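Note sheet for the following structure.
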């Protein structure tokens, strides 16, 4: 009985890891040398992908690359892009199925900015095209992260979008709609 219970729990744990696993595909190198990737997840039936350039710190100060109070393209080169086949809800912001730009506003408090612009260069920021903005939770990474990393953690109520670079870690939870 004890052995079969252990087997059941092991199978459940393995299935959970497969469902929330991230798949990362190299797309192309950027003009400045930063690799561009497409990261994909399945969260509560939603196929979610984020395409972004992954710059490295290369000894530079985080505050120089993510200046407080100025909208950041949240990646290198082209605009970071969120693609979803289901509605996502970040706090009060509803993001219908589709393709959107992601920017952030760094500072003492961070904001996630979802843009209606599907594609484009990362700068200048596409003023007037916001779908909406939501606050993010900010903290520090356990260890310094040399290369920008965007990930999604599967949670009991949806997922958490996380952006980490240097010692900065910001996140925002979301739920999946129909």
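The values are calculated or read from the model by the stated rules, or taken from the named source; none is laboratory data. Every value quoted in this text rests on a predicted model; they were computed, and no experiment measured them. Cβ sites come from the backbone with ideal geometry, for glycine too, and all protein chains shown count toward neighbours.
Can you tell which of 62, 94 is more than 23 Å from residue 153 (Cα to Cα), surrounded by fewer than 20 Cβ atoms within 10 Å (Cβ to Cβ) and over 13 Å from the mean Cα position of the chain (by Cα)? That would be 62, the only listed residue that is more than 23 Å from residue 153 (Cα to Cα), surrounded by fewer than 20 Cβ atoms within 10 Å (Cβ to Cβ) and over 13 Å from the mean Cα position of the chain (by Cα). Of the conditions (1) in a helix (DSSP H, G or I); (2) at pLDDT 95 or above, residue 17 satisfies every one except a single condition; which number is it? Only one criterion in (1) in a helix (DSSP H, G or I); (2) at pLDDT 95 or above is unmet by residue 17, namely (2). For residue 70, the stated conditions hold: it is over 21 Å from residue 160 (Cβ atoms), surrounded by fewer than 16 Cβ atoms within 10 Å (Cβ to Cβ) and more than 16 Å from the chain's Cα centre (by Cα). Assess whether residue 158 counts as being in contact (Cβ under 8 Å) with a residue 12 or more places away in the chain and either touching a helix residue (DSSP H, G or I) at 6+ places or on another chain (Cβ under 7 Å) or at positive phi (or both). So residue 158 passes the test.
Looking at region 55-64, is at least one residue under 26 Å from residue 129 (Cα atoms) and modelled with pLDDT under 90? Within region 55-64, one or more residues are under 26 Å from residue 129 (Cα atoms) and modelled with pLDDT under 90.
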